[in-house]
Every structure is written in C-alpha cells, then in structure tokens.
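The numbers here are math on the coordinates, done by the rules we state, and not lab data. Since the structure is predicted, the reported quantities are computational estimates derived from the model, not experimental observations. Cβ placement follows ideal geometry from the backbone for every residue including glycine, while neighbour counts extend to all protein chains displayed.
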Amino acid sequence: MTRTTPNPLNRRALLAGAALAPLLPRLADASTAPLPAEAPFTYEVTRTDAQWRAMLNDLEYAVMREGGTEKRHTSLLAFEERPGRYDCRGCGLAVFDSDWKVQHFDIGWVFFTQSRPDAILTAIDPGFTPMEGEIAPAPTIECHCRRCGSHFGHILHVRDQVVHCLNGTSLTFTAA
C-alpha cells in the first residue's frame with residue numbers, strides 16, 4: 001500500500017497567498033528596518049552610587065553592585081537551617097523561602113532550588129568561570145533582584161541539579 005502526501009496547495013492556501021501578495025514588499029522592508037530602541041529599564045528601587053556605598057560595606061557593594069562573588073564558606077547563611085525567609089539586602093524584597101534551600105551542598109555558598117515568583121531577573125554572564133568538578137561549565141546565567149537590580153549570584157547546574165547559587169552577602173534572613 002502506498003501513502004500519498006496531501007497536497008499543501010489547496011484552494012484556501014492559494015487564496016490566502018494571493019491576498020497577502022500585495023503586502024510582501026512592505027513586509028520585506030519591515031524585516032530590514034532597525035528595531036525601535038527599547039526604553040531603559042527602571043527598577044522600582046533606585047539609589048545613587050553614593051547612596052549604595054553609604055548603605056553597604058565594601059564586600060556587599062562589590063557583590064551586589066559590581067557583580068562580584070564572595071569567598072567560599074564566608075557567609076553564615078550557607079549554614080542556616082532554621083525555617084524562614086531570605087530577602088534582598090538592597091531593598092528587602094522577599095526572594096527565597098527556606099523550604100527551597102538546599103542543605104546538602106557544602107561547596108561554600110547558599111543554594112536554592114527556586115525563587116519566589118517575580119522575585120529575580122536573569123541575564124547572561126559572559127565573564128563567569130565556574131570551578132571544576134562540582135559545578136558544570138554551563139549555563140552562565142546570573143540572577144538579580146527584580147526590584148533594585150542587586151546581584152545575587154548564578155543559576156547553575158550543580159551535582160545533577162539546577163540551582164540558584166547565591167552570595168549570602170546579597171541576602172538577609174528572617175526566621176519564621
């Protein structure tokens with residue numbers, strides 16, 4: 001038995017194509033036109049550089065405003081096991097809940113399986129170099145507070161799990 005492929009060119013397709021034909025020159029021009037410039041993104045919480053420097057210590061500023069990384073095992077939040085909530089140090093936005101904290105990674109930072117809805121923004125970090133062994137080399141997605149833009153850390157593949165690998169410096173903890 002032979003199968004026949006239906007003819008994609010039927011009367012409806014022919015009529016639809018004929019109706020669109022006069023628009024083709026305009027569509028071709030639109031495809032080569034530059035995209036309109038996007039308006040710059042404005043965070044809900046904005047501060048001047050001087051205001052950020054006044055409210056943050058040197059390490060907090062380097063991590064949160066310049067995208068740095070704290071040294072391994074320096075944040076006490078990596079060892080926090082009580083139930084509670086983790087907020088952005090820059091603006092107080094509730095970002096992570098202790099229910100999503102990963103306790104069994106002793107790599108040196110704070111790990112979560114997910115964030116609260118609409119709490120973070122992500123971007124590609126072209127300069128990120130993961131350590132060998134524990135963390136897979138890709139993807140290199142950094143996460144920021146959606147309200148003030150503070151840098152939290154990265155979303156990485158660690159020990160067969162996709163997790164938020166965060167600088168405790170960027171967060172505050174409130175026990176439940």
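Mind checking Rg over Rh on the range 49-175, alpha carbons, Kirkwood formula for Rh? Please report the intermediate quantities before stating the final value.
Values: Rg = 13.5 Å, Rh = 14.5 Å.
Rg divided by Rh gives 0.93.
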Charge tally in the Cβ shell below 12 Å around ASP118, where Lys, Arg are +1 and Asp, Glu are -1, ASP118 excluded: +2
5 angstrom amide H check on ILE120, placed H, neighbours 5+ away: ARG146
